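**Q** First the structure, which I've put down as structure tokens, then a few questions once you've had a look.
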Amino acid sequence: MSQLPRLFSCLLAASAATLASSAGAIDLISHNGFSACWDQSITKDQFLEAARSSIDGTTACVAAQSGNSPAPFSFCDTNACAGGQQGCPVTLHASTTPAGDFGAGSFSGAGSLNDISIPLAVFQVPCTLTITGITLGYGWNNTLQPDGNNGQYAGDLPGASATFNNYTIGGNCQGSVNSLFGATAAVAAQNAVANAIKPLLTAATVSESVCPLQ
């Protein structure tokens, strides 16, 4: 009889370890009695707000580029980013809560960027191209799996994206220069934002268990 309490304790520990393994997270061992969610679970609203607040105010850096098509050019060839890094800085604002599908793990939100000033040289003739009035959509995907209870566990974040919806090209460059290089600069800025938000969204969402899902 003296072995029964010890055996019962071992069975409980093994059961908890099995649940934690199925969730993919060692920290999801503590269960809140017989409730539907783990103690450390967060709600859908908390998950989405954590994602939004992690990227709001983020400064991305548009990398310097150069090439010979459609004409010899270079832009953002200046040490203007944080820490003297070469490139053009841009600040993201994500003021509204994103939305998403917690079954598919697909999420998206809307935001805006501060105006971007881009030093540009074409045929070594310098000017400044500006991108203003920028609104954008951003998105990311989490690899979700059952957390061993009634929630979903975010185990990975394979990718993030940013797409400009509206913007205006201006500055003191010639109109033909704006036409040739405005879209190129905008795409470079989109890529900079996507690269900047991916690690932040990863830190904010991965390893979180989301519950309840209804």
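The values are calculated or read from the model by the stated rules, or taken from the named source; none is laboratory data. Since we're looking at a predicted model, the values are computed, not measured. Please note: Cβ atoms are built from the backbone with ideal geometry, for glycine as well, and neighbour counts cover all protein chains shown. These area figures cover heavy atoms from the full protein model, side chains too; ligands, DNA and RNA do not enter into them. Shrake-Rupley method; radii C 1.70, N 1.55, O 1.52, S 1.80 Å.
**Q** Could we say that Val193 is out of contact with any Cys (no Cβ under 7 Å at 6 or more places or on another chain) and open to solvent by 60 Å² or more (accessible area, probe 1.4 Å) here? I'd like the intermediate steps shown before the answer.
**A** Values: out of contact with any Cys (no Cβ under 7 Å at 6 or more places or on another chain): yes; open to solvent by 60 Å² or more (accessible area, probe 1.4 Å): no.
When the stated conditions are applied, Val193 does not pass them.
**Q** Right, something else. Report, by residue number, each residue of the stretch 55-85 that is without any contact (Cβ under 8 Å) to a residue 24 or more places away in the chain and either open to solvent by 70 Å² or more (accessible area, probe 1.4 Å) or assigned to a helix (DSSP H, G or I) (or both).
**A** Within the stretch 55-85, Ser66, Asn68, Ser69, Asn79, Ala82, Gly83, Gly84 meet the criteria.
**Q** Going residue by residue through the stretch 123-130, is there one that turns out to be open to solvent by 30 Å² or more (accessible area, probe 1.4 Å), closer than 27 Å to Phe75 by Cα, among the hydrophobic types (A, V, I, L, M, F, W, C) and touching a residue at least 40 places away in the same chain (Cβ under 8 Å)?
**A** Step one: list which residues in the stretch 123-130 are open to solvent by 30 Å² or more (accessible area, probe 1.4 Å), which gives 123-126, 128, 130.
So of that shortlist, the ones also closer than 27 Å to Phe75 by Cα come out as 123-126, 128, 130.
So of that shortlist, the ones also among the hydrophobic types (A, V, I, L, M, F, W, C) come out as 123, 125.
In the following step, the residues that additionally are touching a residue at least 40 places away in the same chain (Cβ under 8 Å) were identified as 123.
Checked against the condition, which is being open to solvent by 30 Å² or more (accessible area, probe 1.4 Å), closer than 27 Å to Phe75 by Cα, among the hydrophobic types (A, V, I, L, M, F, W, C) and touching a residue at least 40 places away in the same chain (Cβ under 8 Å), the stretch 123-130 yields at least one hit.
**Q** Only one residue in Asp147, Asp156 is farther than 25 Å from Val62 by Cβ and open to solvent by 50 Å² or more (accessible area, probe 1.4 Å). Which one? Steps first, answer last, please.
**A** Details: Asp147 fails: open to solvent by 50 Å² or more (accessible area, probe 1.4 Å).
Result: Asp156 is the single residue among Asp147, Asp156 that is farther than 25 Å from Val62 by Cβ and open to solvent by 50 Å² or more (accessible area, probe 1.4 Å).
**Q** Could you list, in sequence order, the residues of the stretch 86-102 that are surrounded by 15 or more Cβ atoms within 10 Å (Cβ to Cβ) and under 21 Å from Ser207 (Cβ atoms)?
**A** Pro98, Gly100, Phe102
**Q** Quick check: anything in the stretch 168-189 part of a strand (DSSP E or B), polar (S, T, N, Q) and open to solvent by 20 Å² or more (accessible area, probe 1.4 Å)? Reasoning before the result, please.
**A** Taking the stretch 168-189 as the starting set, the residues that turn out to be part of a strand (DSSP E or B) are 168-171.
Still in the running and polar (S, T, N, Q): 168.
Next, from what is left, pick out any that are open to solvent by 20 Å² or more (accessible area, probe 1.4 Å): 168.
Yes, that holds for at least one residue.
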